[in-house]
1. Look through the range 1-25, keep the residues that are under 30 Å from residue 82 (Cβ atoms) and out of contact with any Leu (no Cβ under 8 Å at 6 or more places or on another chain), and return whichever of them is modelled with the lowest pLDDT.
2. Output the number of residues of the range 155-172 satisfying the condition of being part of a helix (DSSP H, G or I) and more than 19 Å from residue 74 (Cα to Cα).
3. What residue, among those in the range 63-86 that are touching a helix residue (DSSP H, G or I) at 6+ places or on another chain (Cβ under 8 Å) and aliphatic (A, V, I, L, M), is surrounded by the most Cβ atoms within 10 Å (Cβ to Cβ)?
4. Identify the single condition in (1) in contact with a His (Cβ under 8 Å, 6 or more places away or on another chain); (2) modelled with pLDDT of 95 or more; (3) not in a strand (DSSP E or B) that residue 54 does not satisfy, given that it satisfies every other one.
5. Collect the residues in the range 36-54 that are in contact with a helix residue (DSSP H, G or I) (Cβ under 6 Å, 6 or more places away or on another chain) and within 11 Å of residue 90 (Cβ to Cβ), keeping them in residue-number order.
6. As an exercise: evaluate residue 179 against (1) outside any helix (DSSP H, G or I); (2) more than 14 Å from the chain's Cα centre (by Cα); (3) within 15 Å of residue 71 (Cβ to Cβ); (4) among the hydrophobic types (A, V, I, L, M, F, W, C) and give the number of the one condition it does not meet.
7. Run residue 65 past the list (1) in contact with an Asp or Glu (Cβ under 9 Å, 6 or more places away or on another chain); (2) farther than 18 Å from residue 198 by Cβ and report the number of the one that doesn't hold.
8. Among the numbered criteria (1) buried (at least 19 other Cβ atoms within 10 Å of the Cβ); (2) closer than 26 Å to residue 165 by Cα; (3) at pLDDT 95 or above, which single criterion is violated by residue 97?
Amino acid sequence: MRFERICCAALLAITGGCASAKPHLFGQYNDIAPKVAPTAGERSPQHLTVQLARPANVAVFLVVPGRASVLLFPTDSTQNQYVEAGSHLVQTAAAKGALSDTSRLVRLPQGARQPATGRTGRAGNMPRDSVPTFGFNQHGYLLIFASQQPMPYGTIATRVAGISVPIDDKDALNTVTKLVRETTRIAGPWAAYATDFPP
């Protein structure tokens, strides 16, 4: 009987901790108030809802503690990072990757095998910004960074995306936020918001 009570108390503590997970806020948050949310039912962040109180230039990252950060939006140098105030549904690099992976699999001849590693040394020749898969009890964060100044795509794609982050959650988010600020030399107002993924 006592063992059952201990188990119930532990379960309540765990579920209570999960329910009380709050978003992480950075910078002058109340000024720009950026938010990002995943689309329900997607196992990888292929489509996101981006929300802003004021127009801003934005970059969205998938941050998984202990792994490399992934730039989800903008998807390439041709996509405009300037987003008007309000709520917007955006397609991410994960959606483009899913489409190209599917078409690649269709084109493979029957019985063909993929190489174990490519020139990057990663299994399956995965590019450095590929979206990781989540196993049991693994988690990450969607981090949106918003600034009144433009953030050069080439800079955030090469100096922030693909960089391994610390294993501690708070340190991982702080590292990506700091890297964006330092590498893009942002001097004006900025804000960032991070939420759990998977939710």
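The values are calculated or read from the model by the stated rules, or taken from the named source; none is laboratory data. Note that the structure is a prediction, hence the values are computed from the model and not measured. Positions of Cβ are generated from backbone atoms using ideal geometry, with glycine treated the same way; all protein chains shown enter the neighbour counts.
1. 22
2. Residues meeting the conditions: 4.
3. Result: 72.
4. (1)
5. Hits for the range 36-54 are 45, 46.
6. With (1) outside any helix (DSSP H, G or I); (2) more than 14 Å from the chain's Cα centre (by Cα); (3) within 15 Å of residue 71 (Cβ to Cβ); (4) among the hydrophobic types (A, V, I, L, M, F, W, C) applied to residue 179, the lone miss is (1).
7. Looking at each condition in turn, residue 65 falls short on (2).
8. (3)
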